[in-house]
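Presented below is the structure to which this report refers.
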Amino acid sequence: MEGTQIKKVIAYWIQGEISSFIKVWLSAYASLCYCYFAGKTLPKGAARLAAFLPVVALFLILPLQLHSAHLSGTTGFFLAWLATFKLVLFAFEKGPLSIPSISLLRFIALACLPIKLQQKSLPSGSQQNGKINPSKKALLFALLLKIYDYEEYIHPRIIMVIYCFHIYLSLELILAVAAAMARGLLGVELEPQFDEPYLSTSLQDFWGRRWNLMVTRILRPTVYLPVLDCSSKILGWKWGSSPAVMSTFIVSGLMHELIFYYLCRVKPTWEITCFFLLHGACLLVEIALKKAVNDRWRLPRFVGTILTAGFVMVTGFWLFFPQLLRCKADERGLAEVAAVGAFVKDVFRALNLTIHS
């Protein structure tokens, strides 16, 4: 990473990005306070939804006030996707925001953070079998960042594989920080957002039970179940799930297009939507094959894991990552990480000089 690029990023952040970030989130918190009290006074249904629509529109606009890859991307995910979908559910007295007697602080945290409260605390160590703990993931992430310094000596396909792990680990760490903040504010245990997706044995396992579980939880009541209810009345229960699955993947693709727009600020190429359409269609084929063999025959677990990881990576190289790479979101993101690292080093250096002077 060139020193001049890092300096430009640092200068830009000093000139107002952090200030804009604070203003964006203060606006979001104020809007959620309004929704909280509106939900207390308005009956569920059209009236409450109409009251929430201006906030939904605001949440779609707010990420455009940010320009750094990390801040605009995470803010877009938290507000434009999770918070808006949760507010739509709340308008009809559904979803996590409809918990009786929920406090304002908990309402805000549940609305804009990718968390779900656990009913009971899990026994210590009950989830750690075969998993990598967060500290090791943070170390792996740091090592990946260091590898980019030697990018010119590494084959591009290997870099793409590294980038897959980079995306996963960065999301894991960002969501872990958000969950930790909520844990500190609310004093509750929180469910994990990922369940080791690299151990997936099928696409159904990957998308339904392991990858970004908060998105799965929010898409199921907002898209999958309503479409399933309608399509089953027309096609019957045997075939009604197919339109529901495809609708869920289409909505996910469109929301990813929106997040990518926040990151890149360029006209969509619809490659991301094609990625999710492809995975939705392949998932339907997988479900049909499982029904056909009726669980009489299964692939060995390690074979299923290799095939699933390989399919996700190959299709990601083809359709998911190119738009990010064309707009240099990866370079911007690395520059921002380097900028933060340089800033922290300068702070510690200044403190050290102050202590020893």
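The values are calculated or read from the model by the stated rules, or taken from the named source; none is laboratory data. All figures in this text were calculated on a predicted structure; none of them were measured in a lab. Glycine also receives a Cβ, built like all others from the backbone with ideal geometry; neighbour counts cover every protein chain displayed.
Against the condition surrounded by 15 or more Cβ atoms within 10 Å (Cβ to Cβ), of a type in the set (Ser, Thr, Tyr), assigned to a helix (DSSP H, G or I) and at pLDDT below 95, how does SER247 come out, does it pass?
No: the conditions fail for SER247.
Which condition from (1) within 18 Å of THR216 (Cβ to Cβ); (2) of a type outside the set (D, E, K, R); (3) in contact with a Gly (Cβ under 9 Å, 6 or more places away or on another chain); (4) surrounded by fewer than 18 Cβ atoms within 10 Å (Cβ to Cβ) is the one that ILE287 breaks?
Single failed check for ILE287: (3).
Looking only at region 169-194, which residues are under 22 Å from MET313 (Cβ atoms) and either at pLDDT below 75 or surrounded by fewer than 18 Cβ atoms within 10 Å (Cβ to Cβ) (or both)?
Across region 169-194, the qualifying residues are LEU173, ILE174, LEU175.
For region 262-272, what are the residues that are among the hydroxyl-bearing types (Ser, Thr, Tyr) and buried (at least 20 other Cβ atoms within 10 Å of the Cβ)?
TYR262
Of the residues that sit in region 59-74 and are under 16 Å from the mean Cα position of the chain (by Cα) and modelled with pLDDT under 95, which one is farthest from ILE108 (Cα to Cα)?
ALA69
Checking ARG183 against (1) within 19 Å of ILE287 (Cα to Cα); (2) basic (Lys, Arg); (3) in contact with a Leu (Cβ under 7 Å, 6 or more places away or on another chain): exactly one of these is not met. Which one?
That leaves (1) as the condition not met.
Give region 290-316 a look and list any residue that's hydrophobic (A, V, I, L, M, F, W, C) and surrounded by fewer than 16 Cβ atoms within 10 Å (Cβ to Cβ), or say none.
At the first step, the residues of region 290-316 found to be hydrophobic (A, V, I, L, M, F, W, C) are 292-293, 297, 299, 302-303, 306-307, 309, 311-314.
If the condition is that a residue be hydrophobic (A, V, I, L, M, F, W, C) and surrounded by fewer than 16 Cβ atoms within 10 Å (Cβ to Cβ), then ALA292, VAL293, TRP297, LEU299, PHE302, VAL303, ILE306, LEU307, VAL314 are the ones that fit.
Restricting attention to region 109-166, report how many residues are modelled with pLDDT under 80, assigned to a loop (DSSP other than H, G, I, E, B) and surrounded by 14 or more Cβ atoms within 10 Å (Cβ to Cβ).
Of the residues in region 109-166, 5 are modelled with pLDDT under 80, assigned to a loop (DSSP other than H, G, I, E, B) and surrounded by 14 or more Cβ atoms within 10 Å (Cβ to Cβ).
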